[in-house]
Amino acid sequence: AAGRSSRMAIWWRKSCLNVTEVFRDRHVIACRCQNLQGDLEWFVSWIYGPCATADRAELWKDLSTLYQRVQEVPWLIGGDFNCPLSSDDRPGGRTDSAMAGFQMVVQNLGVTEYPISAVEFTWRNGSG
């Protein structure tokens, strides 16, 4: 993870997988993963998004930059973006000005959101 103040930790089995870091900053760790036989390769990016809406533009830019590097290889992106993708992702269905930027990045990257059906909301701060 990204230093002592990091909010992310990443583990893998070295007996099954080679992992090489290709990008790291305050909000993203991106790695190239390859099985030991060398016939499967993919990228994984872990996100810990900034809480402040104004700081998210840097994250969106980083993801767009990474996209240029991984276009030809499967790419899995996961983590906490600290931003809802739609009003359905918020208790009460409130809209957020930051959603538009997030929606544009998701559309530009051509990625699909994994449907979560076990819980409606994974976190609440008591204001929702």
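In table form, for the structure just shown:
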| item | result |
| --- | --- |
| Pairs where the first residue, in the stretch 36-62, is β-branched (Val, Ile, Thr) and the second is open to solvent by less than 40 Å² (accessible area, probe 1.4 Å), C-beta under 6 Å, 6+ apart | Val44/Cys31; Val44/Cys33; Ile47/Val28; Ile47/Phe81; Thr53/Ala98 |
| Selection from the stretch 17-38 of residues that are of a type in the set (Lys, Arg) and part of a strand (DSSP E or B) | Arg24, Arg32 |
| Top-ranked residue in the stretch 113-122 [being among the β-branched types (Val, Ile, Thr) and at pLDDT below 70; ranked as surrounded by the most Cβ atoms within 10 Å (Cβ to Cβ)] | Thr122 |
| Extreme residue, modelled with the lowest pLDDT, among residues of the stretch 70-112 that are open to solvent by 70 Å² or more (accessible area, probe 1.4 Å) and in a helix (DSSP H, G or I) | Gly92 |
| Whichever residue in the stretch 48-69 is touching a Leu at 6+ places or on another chain (Cβ under 7 Å) and not in a loop (DSSP other than H, G, I, E, B) and, among such residues, is least open to solvent (accessible area, probe 1.4 Å) | Leu63 |
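The values are calculated or read from the model by the stated rules, or taken from the named source; none is laboratory data. All values derive from a computational prediction rather than experimental measurement. Note that each Cβ is placed from the backbone with ideal geometry, even for glycine, and that neighbours are counted across all protein chains shown. When the accessible area is computed, the model is the full protein with side chains, heavy atoms only, and any ligands, DNA or RNA have been set aside. Shrake-Rupley method; radii C 1.70, N 1.55, O 1.52, S 1.80 Å.
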